[in-house]
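Taking it in order: structure first as structure tokens, then the write-up.
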Amino acid sequence: MVVELGAGTGCISRHVSRSLKNGATFISIEKNPQLYKTLVEQQSDTCFVLDAAENLPAILQQHSVTKADVIISSLPWASFSTTLQHQITHAIRASLKPDGIFITYAYVCGALLPSFAAFRKQLTESFCTVDTSRIVWNNFPPAFLYQCRKPVPVFVKSAGIPSSHRSKYNC
Ligand SMILES: C[S@@+](CC[C@H](N)C(=O)[O-])C[C@H]1O[C@@H](n2cnc3c(N)ncnc32)[C@H](O)[C@@H]1O
């Protein structure tokens, strides 16, 4: 089960939809009605939902899904208030399977904004591991990915996770 937040014009949605394995399901959420209308017209084989990312748990429930394996976000995190960042990361955490992955990208130029640091803090407080990719300099603007995982189940804790990767969830 894959979820996308902030489909926009649908360029990531199209790639996700094409790379789904047999039987995998995909829901993509966009809150702008005009963009949603275009997405539905142009990619009729994808399940687009006109709603806000902060309502993710309720949206999944409406689609008879309990938790997602992967959540991909194109949301403009640096333009959100700390409260909205918190609401959405909370909704994402609540909607991921225990071994699920949350992936989002950020623009390097946003690093000067206080909201950029606030979002990074939000991620490290909400997830067990927060890995960053290399910077893709030939993207315009240059960007990188955050890949976040929830706390691992207790039975694999003893396998040893580096203390540098531990958060308040003590994983
Ligand atoms: C950077 S754009 C998406 C880029 C996208 N990958 C594309 O191909 O166009 C961010 C999108 O997030 C949507 N958005 C912003 N806040 C949202 C929210 N709270 N819930 C859902 N979508 C949201 C905006 O309407 C916008 O379309």
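Things worth noting here:
- Any hit, region 80-95, residues being at pLDDT below 95, among the small types (Gly, Ala, Ser), in contact with a Leu (Cβ under 8 Å, 6 or more places away or on another chain) and over 23 Å from Met1 (Cβ atoms): no
- Of all residues making up region 42-60, the number that are more than 14 Å from Cys11 (Cα to Cα) and not in a loop (DSSP other than H, G, I, E, B): 11
- Only one entry in Thr9, Thr38 is within 11 Å of the ligand (Cβ to nearest atom) and either within 23 Å of Val108 (Cα to Cα) or in a loop (DSSP other than H, G, I, E, B) (or both), namely Thr9.
- Flag if Leu50 is crowded, with 21+ Cβ neighbours inside 10 Å and within 13 Å of the ligand (Cβ to nearest atom): no
- Pairing residues of region 41-54 that are farther than 23 Å from Ala94 by Cα with residues that are basic (Lys, Arg), at Cβ distances under 9 Å and at least 6 apart in sequence or on separate chains, gives Gln42/Arg14; Gln43/Arg14; Thr46/Arg14.
- If you go through region 61-79 and keep only what is surrounded by 21 or more Cβ atoms within 10 Å (Cβ to Cβ) and either assigned to a helix (DSSP H, G or I) or modelled with pLDDT under 95 (or both), you end up with just Trp77.
- Count of region 71-107 residues which are out of contact with any helix residue (DSSP H, G or I) (no Cβ under 7 Å at 6 or more places or on another chain), more than 15 Å from the ligand (Cβ to nearest atom) and of a type in the set (A, V, I, L, M): 2
- In region 20-45, the residue that is surrounded by the fewest Cβ atoms within 10 Å (Cβ to Cβ) out of those that are of a type in the set (S, T, N, Q) and more than 16 Å from Ser74 (Cβ to Cβ) is Asn22.
- Filter result for Ser44 (more than 9 Å from the ligand (Cβ to nearest atom) and within 23 Å of Lys21 (Cβ to Cβ)): yes
- Number of the condition not met by Thr83 [criteria: (1) exposed (fewer than 15 other Cβ atoms within 10 Å of the Cβ); (2) under 15 Å from the mean Cα position of the chain (by Cα)]: (2)
- Restricting the first member to region 1-16 and to residues that are modelled with pLDDT under 95, and the second to residues that are within 9 Å of the ligand (Cβ to nearest atom), no beta-carbon pair is closer than 8 Å while six or more apart or on different chains.
- Scan region 12-35 for residues that are aliphatic (A, V, I, L, M) and more than 8 Å from the ligand (Cβ to nearest atom) and the total you get is 4.
The values are calculated or read from the model by the stated rules, or taken from the named source; none is laboratory data. Values in this document were obtained by computation on a predicted structure and should not be read as measured data. As a convention, Cβ positions derive from the backbone with ideal geometry for all residues, glycine included, and neighbour counts pool all protein chains shown.
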